[in-house]
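Notes for the one structure printed next.
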Amino acid sequence: MKEQTLVLIKPDGVQRGLIGELTTRFEKAGLTIIGMKMVWIDKAFAKKHYSAHVKKAFYPTLEAMITEGPVVAMILEGVHAVEQVRKMVGPTEPRKAPPGTIRGDYAHVSYEYADKKGVAVKNLIHASGNKAEAKDEIKLWFKKQELHSYQTAHQKHTM
Ligand code: CDP
Ligand code: MG
């Protein structure tokens, strides 16, 4: 039941100074950060990460957004981590994301607004969508030697 999932604090989250605040949410939920780094990806890497979206109409704006500055990449481990992290992140469109979710608490815009402006929806976080995506994304972003297994104080009470 223990799973690993990829989380990115996207350039909007980094540039808004929210690395600490967003990371804290995952730590408080008892998820273990087993790998973490700051990376400024290029367009070729963006196409690998978002391979499922490359042919979609919104892809050019998405690529511009994800490559406009560094991201903080982390691998989180925990029970049903893929599903739990997606729940904490909330729906893709901030307009629809309920309060209490990261996208609902730190953003509010709609697809309609972003499309009209010709920009990607800035929603702060990327999180793997399912277990298969998590497996592929972890392999793409992290080498085995960059992942660490250790005991946290949390584990006695949350896992
Ligand atoms: O990030 P998530 O898995 O929730 O959504 P996605 O469908 O995999 O799309 C990836 C990212 O593309 C979103 O998080 C948005 O930043 C962006 N996007 C967009 O700008 N406009 C859309 N119509 C759909 C997605
Ligand atoms: Mg996705």
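Data table
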{"read-out": "Distance cut-off 16 Å, percentage of C-alpha pairs in region 55-129 lying past it", "value": "55 percent"}
{"read-out": "Difference of contour (0.36 nm per residue) and Cα-Cα distance, Gln145 to Lys117", "value": "5.9 nm"}
{"read-out": "Accessible carbon and sulfur surface of region 1-158 relative to its total accessible area, %, 1.4 Å", "value": "56 percent"}
{"read-out": "Residue-span extension gain [Lys47 to Glu27] - 0.36 nm each, minus C-alpha spacing", "value": "4.2 nm"}
{"read-out": "GluC sites (Glu not before Pro) within region 11-74: DSSP coil, no more than 15 neighbouring Cβ in 10 Å", "value": "Glu68"}
{"read-out": "Computed [θ] at 222 nm, deg cm²/dmol, the chain (DSSP H ≥ 4; -39,500 (n - 2.57); rounded to nearest 500)", "value": "-10500 deg cm²/dmol"}
{"read-out": "Among Gln145, Gln84, Gln15, residue whose mean-square fluctuation peaks in a GNM of the chain (springs only between Cα atoms under 10 Å)", "value": "Gln145"}
{"read-out": "Cα centroid of region 59-87 to Cα centroid of region 115-159, whole Å", "value": "6 Å"}
{"read-out": "For region 104-110, Karplus couplings with θ = phi - 60° (6.51, -1.76, 1.60), whole Hz, Gly/Pro x", "value": "x, 8, 10, 8, 8, 6, 10"}
{"read-out": "J(HN,Hα) series, region 94-99, from Karplus relation 6.51 cos²θ - 1.76 cosθ + 1.60, nearest Hz, glycine and proline x", "value": "x, 3, 9, 6, x, x"}
{"read-out": "With DNA, RNA and ligands ignored, accessible area of Tyr111 (1.4 Å probe; Å², nearest 10)", "value": "100 Å²"}
{"read-out": "Long-range Cα-Cα pairs in the chain (distance over 27 Å), rounded percent", "value": "19 percent"}
{"read-out": "Per residue, in Å², the accessible surface of region 99-159 once ligands and nucleic acids are set aside, probe 1.4 Å", "value": "69 Å²"}
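The values are calculated or read from the model by the stated rules, or taken from the named source; none is laboratory data. Everything quoted here is computed from the prediction, not taken from an experiment. All Cβ positions, glycine included, derive from the backbone under ideal geometry; neighbour counts span all protein chains shown. For accessibility, only protein heavy atoms count, side chains too; no ligands or nucleic acids. Shrake-Rupley method; radii C 1.70, N 1.55, O 1.52, S 1.80 Å.
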